[in-house]
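The values are calculated or read from the model by the stated rules, or taken from the named source; none is laboratory data. Everything numeric here is computed off the predicted structure, so don't read it as measured data. Neighbour counts are summed over all protein chains in view; Cβ atoms, including those assigned to glycine, are modelled from backbone coordinates with ideal geometry.
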Amino acid sequence: MKSGKILSAVLAVLMCLTVLFGATACKEKTPNNPAQTSGGTGGTDGSSGTTPETKEFIDNLGEYNFGKETVNILSRSGKINADLDASSDASEPVSVAIYRRNRKIEDRFNVTLNFIPLDDDGALWQSTLLAENGSATGAYDFVLPDYWWGCEAGGYFLNLLDYNKIFDFDQPWWTPGWNENCTIFGQMYSAVGSLSLDLINNSNCMIFNLKVLNDFTLESPFKLVDDKQWTIDKVISMVKTVTSDLNSDGVIDADHDRIGSNYWMQSGRGLLTGFGVKYATKTSDGAYEYSFYNDTFVEKFNKAYDYLNNTAGVVYELGDALNGILSDRVLFLNDPLTRLSSLRDMDSDYGVVPYPMYDEAQGQYYTYNYGTYYAAVLNTSRAPEMSAVILEALNAESYHTVKDTYFVETLKIRYGRDEVADNPRMLDLIIDSIYFDFTFVNEASTNHIAQFFSNMICFKDPNLQSQYEANAAGFQSALDTLFETYRRNLG
């Protein structure tokens, strides 16, 4: 990489952070709409386009002193050292930012943050929360479980909207694309914000080998994206052009041949999202209804199925495909953004673009993110107000420090290849186009409908009509049960 460009970018980031943290705090809660820096979770982290009042803290919380309380946070063990906590001797930029964020919050509110690890096991989390809900020991102030486990429907959590004088969910450190879809009948038991780096890490993208692209004089995916012409038909055409049985054994595989594209389960699931498929729509009473199964859905399902399973040069493979793109034998690698770290030492340059649209009429790109943990305050929390304040502060501080450090310094500078000028803005577009469907946010409570049809494609089951007819009643029953749970909570 060009050291001058890297130094300039890093200095620019440091100057922005200096301004953010250099002034005085405002005590009263007033509208605060910070202009979004690169790497907001778009569709999820909107930008106001206004200049905020300069102040020491970027949130609207004002002054709180919790008298040296310990804030006990039940956390997924695998996330504590990734997103949540770091030691004083940390040297990696993201870890340093995490350490400074936590100490700043501790000093500001006179608390100690205590992250309590619990293994990444859904049954263990459910049993732990159930036991705490029954015994009311107050052992945990708030919790950070994975969305997949469905803990939000267990009756363990407080309605976060009851604390709207503290939580400011309109701010860009919260993720409305997620939070709005977990609000049912005015009840919101969990929330996702910039505290979670999963919002970036787990977002799918298409990585392409620029050498292979140029060797075959193919159209620039960057230009196609800009012109709103980046469609699945363009991808299929490119895949067919580059695919070749290099060892002449009659079998196309990523280990020995030149292939057009790979996929695996999570990246394959992203294709229908990229096509703009939405499974549920909100009704006037605050519930949701299924509205997806129609001719358009059938056409998109069949297109995705044929591309992934019936196109020569598209293989269900990850490891060999990764080696293949490093060796200039793979054109497209479909993976989450974390995969860029594996390409850091790649000799050839690479580009990054969002998933293709179904057709040009779609007019908008959609990015599939395969999940995150969320935050929730327990019914048995000793101090719900304190929990709400610390959660608001953690997400606000993460938005302008940890997230920006990761997105700018790690993805854009370290892995983005400054020789490829279009990559940084494509990374912005990918994050800004993240889409969370209601059925995805409520995955565990909707009979996994969000993954059902994508899994059919990935595992080569073309029987869409019969599978839909066999499972439609079960999907509806699960939805009805979810709504009944929320109605009971209303009292």
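Identify the residue in the range 278-298 that is under 26 Å from the mean Cα position of the chain (by Cα), part of a loop (DSSP other than H, G, I, E, B) and without any contact (Cβ under 8 Å) to a residue 60 or more places away in the chain and, among all such residues, is surrounded by the fewest Cβ atoms within 10 Å (Cβ to Cβ).
Thr283
Is it the case that Val389 is outside the structural domain of Thr137 (by TED's automatic domain parsing), at pLDDT 95 or above and either more than 30 Å from Gly138 (Cα to Cα) or part of a helix (DSSP H, G or I) (or both)?
When the stated conditions are applied, Val389 does not pass them.
Listed here are the residues, each with its yes/no results for (1) more than 16 Å from the chain's Cα centre (by Cα); (2) on the phi > 0 side of the Ramachandran plot; (3) assigned to a loop (DSSP other than H, G, I, E, B); (4) surrounded by fewer than 24 Cβ atoms within 10 Å (Cβ to Cβ).
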{"residue": "Glu385", "(1), (2), (3), (4)": "yes, no, no, yes"}
{"residue": "Glu397", "(1), (2), (3), (4)": "yes, no, no, no"}
{"residue": "Lys403", "(1), (2), (3), (4)": "no, no, no, no"}
{"residue": "Val420", "(1), (2), (3), (4)": "yes, no, yes, yes"}
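Quick one: how many residues across the range 308-337 are under 23 Å from the mean Cα position of the chain (by Cα) and among the hydrophobic types (A, V, I, L, M, F, W, C)?
The total comes to 5.
Say whether the condition of being under 20 Å from Tyr370 (Cα atoms) and either crowded, with 20+ Cβ neighbours inside 10 Å or not assigned by TED's automatic domain parsing to the domain that holds Phe438 (or both) is met by at least one residue in the range 207-220.
Yes: the range 207-220 contains one or more residues that are under 20 Å from Tyr370 (Cα atoms) and either crowded, with 20+ Cβ neighbours inside 10 Å or not assigned by TED's automatic domain parsing to the domain that holds Phe438 (or both).
Against the definition (in contact (Cβ under 8 Å) with a residue 24 or more places away in the chain, out of contact with any strand residue (DSSP E or B) (no Cβ under 8 Å at 6 or more places or on another chain) and over 20 Å from Tyr435 (Cβ atoms)), how does Asp233 come out, yes or no?
yes
Could you please find all residues in the range 455-485 being touching a Gly at 6+ places or on another chain (Cβ under 8 Å) and either among the β-branched types (Val, Ile, Thr) or modelled with pLDDT of 95 or more (or both)?
Within the range 455-485, Ile457, Thr485 qualify.
Just the residues that are over 16 Å from Ala287 (Cα atoms) and either without any contact (Cβ under 8 Å) to a residue 60 or more places away in the chain or among the aromatic types (Phe, Trp, Tyr) (or both), please, taken from the range 466-491.
Correct list: Ser466, Gln467, Tyr468, Glu469, Ala470, Asn471, Ala473, Gly474, Gly491.
Yes/no per residue for (1) touching a Pro at 6+ places or on another chain (Cβ under 9 Å); (2) surrounded by 16 or more Cβ atoms within 10 Å (Cβ to Cβ); (3) assigned to a helix (DSSP H, G or I); (4) modelled with pLDDT of 95 or more:
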| residue | (1), (2), (3), (4) |
| --- | --- |
| Gly177 | no, yes, yes, no |
| Lys228 | no, no, no, yes |
| Lys234 | yes, yes, yes, yes |
| Lys240 | no, no, yes, yes |
| Gly250 | no, no, no, no |
| Ile259 | no, yes, no, no |
| Asn262 | no, yes, no, no |
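Please find, within the range 338-364, the residue that is nearest to Gln187 (Cα to Cα) out of those that are touching a residue at least 60 places away in the same chain (Cβ under 8 Å), more than 15 Å from the chain's Cα centre (by Cα) and in a loop (DSSP other than H, G, I, E, B).
Here the answer is Gln364.
Could you tell me whether Thr217 is among the hydroxyl-bearing types (Ser, Thr, Tyr) and assigned to a helix (DSSP H, G or I)?
Judged against the criteria, Thr217 is not a match.
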